[in-house]
Amino acid sequence: MKTFTAPERLDEALTLLGEASPPTVLAGGTDLWPQWTATKTKPTHVLSLHRLEELRGITRAGDILRLGACVTHSELTRSPLVQAACPALAAAAATVGATQIQNRGTLGGNLANGSPAADLPPPLFTANAEVELHSRRGARRVPITRLYRGYRDLERERDELLVAVHIPALPSGALERFWKVGTRRAQAISKVVGACRLALDEKGTISHAALAFGSVGPVTMALDELASWLVGKEPTPEVGEKAAQLASDAVQPMDDIRSTADYRRHVVGRIVKAWIVELATLNR
Ligand SMILES: Cc1cc2nc3c(=O)[nH]c(=O)nc-3n(C[C@H](O)[C@H](O)[C@H](O)COP(=O)(O)OP(=O)(O)OC[C@H]3O[C@@H](n4cnc5c(N)ncnc54)[C@H](O)[C@@H]3O)c2cc1C
């Protein structure tokens, strides 16, 4: 590495990113360092985000939660605002790596790294979050469901910095859940990771459904057809069983070093069934 820059102002960072040979963006470094070690390649210019105040902080205005991109997993886990507005995200952050990784790793790094096994995208998908991207050309927001175009291929230009994530808060009475299956409880990359946001109306039928899974395809997948099928139905055991089948059919997992496609399909179905069973208990 020849140059290490840590600007205090966002416009300075964006100017550097707009150069013909932009620097490599560094947040917590927990994805980058292992990549650099494994490939024995080092960038010539690193742009560290650690002094940029705009990328920090957790705030809520009305029903929208704003998370700076450099908020760490530990901060997400401990924040009462996150626990109330997006409990599945707080739960997801608590499963990332172990304490050391949670203290350094950031929300923005988890999203920008683009791993289909990353734990934070599913709860952001089901909450219908938006990502705020900035460049010298201006700022724009991208729905998280459109952030991943393909395997590690993001709807983010080279000169854009992920500055914040905006999350509609969980409506009162709705159910939000996160589920991760790994080889062990800490330091485990997901075999399957999923989240849901579900709600019932006063008659006990499903009025809102959003479900998403990671590690089951090249990108995090929103199960939109299943969600549409669920709305208007009662969360009976039969609906749960059918939903499980539809979910297993919808995902596109593969065999890899962590698991098999068959196991992943099966587990996705069982998780969806468990969520529907739990939803039915809200109605009692
Ligand atoms: C031992 C270990 C265990 C882990 N376990 C898990 C796990 O259980 N679950 C999980 O999901 N992940 C896990 N990870 C991966 C990693 O810790 C997380 O993805 C983390 O959130 C990455 O954040 P970071 O700040 O360290 O990113 P960095 O390593 O700094 O950056 C990652 C990528 O994102 C880019 N980037 C970072 N911030 C921005 C930004 N604001 N705008 C644009 N681009 C940006 C960087 O250029 C780089 O390409 C693990 C990693 C290790 C080493």
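Here the dipole of segment 175-282 is about 520 debye; that uses its Cα centre as origin and unit charges on the Cβ of Lys and Arg (positive) and Asp and Glu (negative). To put it simply, the accessible area of segment 175-282 at a 1.4 Å probe is 53 percent carbon and sulfur. Along the axis of the charge dipole computed for the chain (Cβ charges of +1 for Lys and Arg, -1 for Asp and Glu, origin at the Cα centre), the listed residues Thr44, Thr126, Gly57 are led at the positive end by Thr44.
When nucleic acids and ligands are ignored and a 1.4 Å probe is applied, Glu234 ends up with an accessible area of around 100 Å².
Residues considered: Thr205, Thr72, Thr15. Largest GNM mean-square fluctuation over the chain, using C-alpha springs under 10 Å, is found at Thr15.
Close amide H pairs (under 5 Å, H built 1.01 Å from N) link Val192 with Val181, residues at least 5 positions away or on another chain. Put simply, the amide H of Gly97, placed in the peptide plane, has neighbours under 5 Å in Gln187, Ala188, leaving out anything fewer than 5 places away on its chain. Expressed as a whole percent, the accessible area of segment 1-160 that falls on carbon and sulfur atoms is 51 (1.4 Å probe). All Cα-Cα distances of the chain, cut into 5 Å bins from zero to the largest, leave 1, 6, 12, 17, 18, 16, 13, 8, 5, 3, 1, 0, 0 percent in each bin in turn.
Past the 18 Å Cα-Cα mark, which pairs from Lys203/Lys233; Lys191/Lys233; Lys42/Lys191; Lys180/Lys233; Lys203/Lys242; Lys203/Lys273?
Beyond 18 Å between Cα atoms: Lys191/Lys233; Lys42/Lys191; Lys180/Lys233; Lys203/Lys242; Lys203/Lys273.
Note on exposure: Thr220, Thr260, Thr44 ranked by accessible area (1.4 Å probe, complete protein assembly) read Thr44, Thr260, Thr220, with the most exposed listed first.
What number comes out for accessible area per residue over the chain if the probe is 1.4 Å? Units Å², please.
Numbers: 13500 Å² over 284 residues.
Per residue, the chain has 48 Å² of solvent-accessible surface.
What you get for the chain, charging only the Cβ of Lys and Arg (+1) and of Asp and Glu (-1), is a dipole of about 640 debye around the Cα centre.
Protein chains only, probe 1.4 Å: how do Arg149, Arg60 rank by accessible area, largest first? Mind dumping the intermediate values first?
Working: Arg149 135, Arg60 100 Å².
Output order, biggest surface exposure first: Arg149, Arg60.
Need the C-alpha centroid separation for segment 21-58 versus segment 85-126, integer Å. Going from one Cα centre to the other spans 17 Å. At 1.4 Å probe size, what's the solvent-accessible area of Glu8? Round to the nearest 10 Å². Glu8 has an accessible surface of roughly 110 Å² with all protein chains in place.
Amide H to amide H distances under 5 Å link Gly105 with His73, where only residues 5 or more positions off or on other chains count and H is placed in the peptide plane.
Dipole orientation for the chain: of the candidates Ile144, Leu17, His73, His73 has the Cα lying most toward the positive pole (charges on Cβ; Lys, Arg +1; Asp, Glu -1).
Couplings 3J(HN,Hα) of segment 213-221, computed from phi: 9, x, 6, 10, x, x, 9, 4, 10 Hz, in residue order, whole Hz [Karplus 6.51 cos²θ - 1.76 cosθ + 1.60, θ = phi - 60°; x for Gly and Pro]. Within the assembled protein chains, the solvent-accessible surface assigned to Val142 is about 10 Å², based on a 1.4 Å probe. Counting only Cβ charges, +1 for Lys and Arg and -1 for Asp and Glu, the dipole size of segment 1-112 around its Cα centre is about 320 debye.
Could you tell me the center-to-center distance, by alpha carbons, between segment 163-193 and segment 234-259 in angstrom? Between the Cα centres of segment 163-193 and segment 234-259 lies a distance of 17 Å.
The values are calculated or read from the model by the stated rules, or taken from the named source; none is laboratory data. Since this is a predicted model, take the numbers as computed values, not measurements. A quick note on method: Cβ atoms are made from the backbone with ideal geometry, for glycine too, and the neighbour counts reach across all protein chains shown. Accessible surface areas use protein heavy atoms only, side chains included; no ligands, DNA or RNA. Shrake-Rupley method; radii C 1.70, N 1.55, O 1.52, S 1.80 Å.
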